[in-house]
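Below is one structure, written out as structure tokens; the observations come after it.
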Amino acid sequence: MRRVVCPGSFDPVTNGHLDIISRAAQLYDEVVVAVVLNPSKTSLFTAAERVELIREATKQLDNVRVDRFEGLIVDFCRHNDISAIVKGLRAVTDFDYEMQMAQMNYSQAGVETLFMTTNPLYAFLSSSLVKEFAKFGGDVSGLVPPGVLSRLTARLSEA
Ligand code: PNS
């Protein structure tokens with residue numbers, strides 16, 4: 001089985017992430033979306049919430065599974081029999097760091113990284129910008145799936 005992983009913080013998942021996940025799902029037998037659990041990073045949504053939001057947004061994709069991980073992505077790959085990481089590349093600003101991580105993961109664990117060019121419609125999109133825009137009343141309805149939009153609105157109104 002050709003199984004790949006799409007790792008990330010997904011705080012929250014955006015239409016840009018979903019574009020990459022769904023395109024990867026057309027190319028591979030199984031795509032595992034892996035939500036990183038990083039206790040040292042503050043997030044708006046808990047890992048369980050982020051997993052749930054991605055599950056809801058990908059429920060129509062039969063070969064997509066959502067999981068979470070802590071520690072190194074290459075260890076997650078080894079435990080789940082995954083040979084490659086799929087990442088979206090938005091712009092040159094992503095490139096340096098992504099390249100470094102890809103080379104580290106390959107040199108230390110033999111795990112490949114495959115880059116997909118982001119759909120130009122979402123080239124500017126990031127979870128951080130979505131949160132900031134929404135926080136100050138901006139309309140992000142075209143940038144995130146409906147389930148995220150409602151949870152985001154509710155969470156920001158609690159603050
Ligand atoms: O959505 P993000 O925050 O850009 O995702 C970054 C992520 C989670 C993919 C990356 O930080 C990662 O792989 N973290 C797991 C820890 C790890 O393996 N670090 C070494 C990378 S060389």
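The values are calculated or read from the model by the stated rules, or taken from the named source; none is laboratory data. Being a predicted model, the structure only gives us computed values, none of them experimental. When we count neighbours, we look across all protein chains shown, and the Cβ atoms used for this are built from the backbone with ideal geometry, even at glycine. Areas reflect the complete protein model, heavy atoms only, side chains present, ligands, DNA and RNA absent. Shrake-Rupley method; radii C 1.70, N 1.55, O 1.52, S 1.80 Å.
Here are some notes:
- For the chain, the Cβ-based charge dipole about the Cα centre amounts to some 140 debye (Lys, Arg positive; Asp, Glu negative; other atoms uncharged).
- Within the accessible area of segment 40-159 (1.4 Å probe), percent carbon and sulfur: 55 percent
- Principal-axis tilt of helix 92-109 within the chain, Cα atoms, nearest 10 degrees: 40 degrees
- Calculated FRET value between SER150 and GLU112, using beta carbons and R₀ = 35 Å, to 0.05: 0.40
- In plain terms, if you count all Cα to Cα distances in segment 24-159 and split them into 10 Å steps from zero, the share in each step is 10, 34, 41, 14, 1 percent.
- Highest-MSF residue in the chain out of PRO146, PRO120, PRO12 [GNM, Cα springs under 10 Å]: PRO120
- Only one residue of ILE21, ASN119, LEU152 has its Cα farthest out toward the positive end of the dipole of the chain, where Lys and Arg carry +1 and Asp and Glu -1 on Cβ, and that residue is LEU152.
- Placing +1 on each Lys and Arg Cβ and -1 on each Asp and Glu Cβ, with no other charges, gives segment 72-126 a dipole about its Cα centre of roughly 100 debye.
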